[in-house]
Amino acid sequence: MNIDNCKIVELPKITDPRGNLTFIEGGGHIPFDIQRVYYLYDVPGGAERGGHAHKGLHQLIIAMSGSFDVVLDDGKNKKRVHLARSYYALYVCPMIWRELDNFSSGSVCMVLASNKYDESDYYRDYGQFMKNRWGE
């Protein structure tokens with residue numbers, strides 16, 4: 001998989017004067033069943049999150065409140081994606097290095113994941129990621 005497999009997914013938005021509603025269905029709106037949900041919040045200004053890749057995990061990243069950037073890197077190409085609406089999500093496939101930065105004040109980042117937490121699924125060292133990704 002490469003960076004072109006990572007795409008913005010427009011989620012259903014039901015508009016109502018009392019407040020809008022968006023929903024996500026695993027296997028429907030996203031190409032995996034949801035096994036885990038987690039969220040990042042109270043991220044200090046100037047801080048970065050992520051800084052890793054996954055061997056087999058698929059993720060959907062959503063700015064539930066505020067905004068932030070996701071920097072995607074497949075070892076050959078990089079792409080920066082700005083997330084700022086809760087009905088736009090970023091699908092991230094396995095074997096893509098990701099970093100999150102540029103968090104606005106009060107932002108909340110929610111991540112839907114295809115598997116439960118498994119430390120052995122992570123590449124936390126960029127050099128090791130590159131070596132296993134491209135044999136470099």
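Out of Val9, Val37, one residue alone is loosely packed, with under 13 Cβ neighbours inside 10 Å, assigned to a strand (DSSP E or B) and either modelled with pLDDT under 95 or β-branched (Val, Ile, Thr) (or both). It is Val37.
If you filter the range 127-136 down to residues that are hydrophobic (A, V, I, L, M, F, W, C) and out of contact with any Asp or Glu (no Cβ under 8 Å at 6 or more places or on another chain), you find that the one that is nearest to His52 (Cα to Cα) is Phe129. The residues of the range 62-98 that are assigned to a strand (DSSP E or B) and over 16 Å from Asn2 (Cα atoms), listed by number, are Ile62, Ala63, Met64, Ser65, Phe68, Asp69, His82, Leu83, Tyr88, Ala89.
A count restricted to the range 48-61 and to residues that are surrounded by 15 or more Cβ atoms within 10 Å (Cβ to Cβ), more than 9 Å from the chain's Cα centre (by Cα) and not in a strand (DSSP E or B) stands at 1. Put simply, of Gly19, Gly28, Gly45 the only residue that is out of contact with any strand residue (DSSP E or B) (no Cβ under 7 Å at 6 or more places or on another chain), touching a residue at least 40 places away in the same chain (Cβ under 8 Å) and in a loop (DSSP other than H, G, I, E, B) is Gly45.
Just to verify a result, which residue in the range 40-70, among those that are of a type in the set (D, E, K, R) and modelled with pLDDT under 95, is farthest from Asp118 (Cα to Cα)? That would be Asp42.
The residues of the range 103-126 that are surrounded by fewer than 18 Cβ atoms within 10 Å (Cβ to Cβ) and touching an Asp or Glu at 6+ places or on another chain (Cβ under 8 Å) amount to a single one, Asn115.
Here Met64 clears all of (1) surrounded by fewer than 18 Cβ atoms within 10 Å (Cβ to Cβ); (2) over 18 Å from Thr22 (Cβ atoms) except the condition numbered (2). Across the range 82-108, the number of residues qualifying as within 22 Å of Pro12 (Cα to Cα), in contact (Cβ under 8 Å) with a residue 40 or more places away in the chain and more than 10 Å from the chain's Cα centre (by Cα) comes to 5. When you check Val37 against the structure, is it β-branched (Val, Ile, Thr), in contact with a Gly (Cβ under 9 Å, 6 or more places away or on another chain) and in contact (Cβ under 8 Å) with a residue 12 or more places away in the chain, yes or no? When the stated conditions are applied, Val37 does not pass them.
In the range 63-81, the residues that are in contact (Cβ under 8 Å) with a residue 12 or more places away in the chain form Cβ pairs under 6 Å with partners that are in a loop (DSSP other than H, G, I, E, B) and not polar (S, T, N, Q), at six or more places apart or across chains, as follows: Ala63/Ala84; Gly66/Gly106; Ser67/Ala84; Phe68/Phe103; Leu72/Cys6; Leu72/Ile96; Asp74/Ile96.
Quick check on the range 114-132. Is at least one of its residues basic (Lys, Arg), at pLDDT below 95, farther than 26 Å from Leu21 by Cα and not in a loop (DSSP other than H, G, I, E, B)? Checked against the condition, which is being basic (Lys, Arg), at pLDDT below 95, farther than 26 Å from Leu21 by Cα and not in a loop (DSSP other than H, G, I, E, B), the range 114-132 yields at least one hit.
The values are calculated or read from the model by the stated rules, or taken from the named source; none is laboratory data. None of the values given here were measured: they were computed from a predicted structure. With ideal geometry, Cβ positions are generated from the backbone for all residues, glycine too; neighbour counts draw on all protein chains shown.
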